[in-house]
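The structure under discussion appears below in the form of structure tokens.
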Amino acid sequence: MSQPDRYAVLGNPIAHSKSPLIHRLFAEQTQQVMRYEALCLPLDGFVSGIQALHQQGYRGMNVTVPFKFEAFAACESVSERAQLAGAVNTLIRTDSGWQGENTDGAGLVADLTRLVGSLAGKRLLMLGAGGAASGVVKPLLDAKVDQLTIANRTAQKAIDLAQRAAQGRVNGCGFDVVPNQPYDIIINATAASLAGDLPPLKAGWFADAGCLAYDMMYGKEPTVFMQAAQELGAEQQADGLGMLVEQAAEAFYLWRGIRPQTEPVRLVLAE
């Protein structure tokens, strides 16, 4: 009997990762013979780690904090999505090394579409301009959003990210100068929620009927951003659990050539 193909998620820390459960459910659903595990790599040992895993025959890996930028530098080739993000969250085996992909944007767009339908013509405000934000700008533009404003504590980071996207529909600025106007979707791409912290929010942003407040972070309880957005009038709030499942499905498709159903898996995780 042939050995199962081997996959892993790489991070530090990694014990909390839901990826092994997600990919086990995808494999069962699609009848793929594969094994997927969580591996904690030393902070100074990422490159030697992925070289060793290549020698051991691993077929692919997901990459999470703090290795996404290191993964980008370590790949022998990267996709356009990863190039624009400057970060890699998915590794695909080649004969001599690893090809880098970024599935975060595809995951976010798929989850937002589940929640609000087509993104075409929507006005979006994204808070934060770090790694989480950089991976999703091009997919959001490809989904035909009407305007995308990126706001960040350090304004220059937001301006630089907007200019990299360079399609005229992206505006970068500091938190303090975001127009106090309604948006269809407000995305928290900062990690502030994890520390129970918040970027400065304005009630006017949430004034639109049907406004969605979306936090890329997730937890057992609604995040502080979701709670604050509800108090400020956001009609709908969601965390990033759906994005996690959708970006995993995109990686699974790149590895196995088959697209799993995400809704059953999302419901299992939500429980």
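Here, each number is a calculation from the coordinates, and none is a lab measurement. Note that this is a predicted model, so its numbers are computed, not measured. Cβ atoms come from the backbone with ideal geometry, glycine included; neighbour counts cover every protein chain shown.
Which residues among segment 239-263 fall inside the zone where the amide N is under 15 Å from a point 7 Å beyond the Cα of Ala191, along Cα→Cβ?
none
Between Gln147 and Ala270, what is 0.36 nm times their sequence separation minus the Cα-Cα distance? Round to one decimal in nm.
That works out to 41.2 nm of additional length.
If the elastic network links every pair of Cα atoms under 10 Å, which of Gly135, Gly172, Gly204 fluctuates the most in the Gaussian network model of the chain?
Most flexible of the set in this elastic network: Gly204.
By the gyration tensor of its Cα atoms, with a ≥ b ≥ c the square roots of the eigenvalues, what is the shape of segment 105-239: rounded for a/c under 1.5, prolate for a/b over b/c, or oblate?
Rounded shape, in that the Cα axes give a/c under 1.5.
Sort Tyr183, Tyr218, Tyr253 so the one with the fewest other Cβ atoms within 10 Å of its own Cβ comes first.
Tyr253, Tyr218, Tyr183
Give me Cys40, Cys211 sorted ascending by neighbouring Cβ count inside 10 Å, so fewest comes first.
Cys40, Cys211
Run the numbers for Val177 and Gln156: contour at 0.36 nm per residue of separation, minus the present Cα-Cα distance, in nm.
Separation in residues times 0.36 nm, less the Cα-Cα distance, equals 6.3 nm.
Charges on Cβ only, +1 for Lys and Arg, -1 for Asp and Glu, centred on the Cα centroid of segment 165-271; of Gly174, Gly219, Thr262, which one is farthest towards the dipole's positive end?
Thr262
Just from its helices, what would the mean residue ellipticity at 222 nm be for the chain, if runs of 4 or more DSSP H residues each count -39500 (n - 2.57) and the sum is divided by every residue, rounded to the nearest 500 deg cm²/dmol?
-10500 deg cm²/dmol
Do you know the Lys pair count in segment 105-239 for C-alpha distances under 27 Å, with sequence separation 8 or more or different chains?
Qualifying lysine pairs in segment 105-239: 10.
Looking at the square roots a ≥ b ≥ c of the eigenvalues of the Cα gyration tensor of segment 29-108, which shape do they give, rounded for a/c under 1.5, prolate if a/b is larger than b/c, or oblate?
Rounded is the answer for segment 29-108, as its axis ratio a/c remains below 1.5.
Roughly how far apart, in whole Å, are the Cα centres of segment 224-255 and segment 30-96?
24
Calculate, for Arg6 and Glu76, the FRET efficiency according to 1/(1 + (r/R0)^6) with r their C-beta to C-beta distance and R0 22 Å; round to the nearest 0.05.
Rounded to the nearest 0.05, the efficiency is 0.65.
Provide the gained length on full extension for the span Glu263 to Val47, in nm with one decimal, where the gain is 0.36 nm per separating residue minus the Cα-Cα distance.
Fully extending the segment from Glu263 to Val47 adds 74.3 nm.
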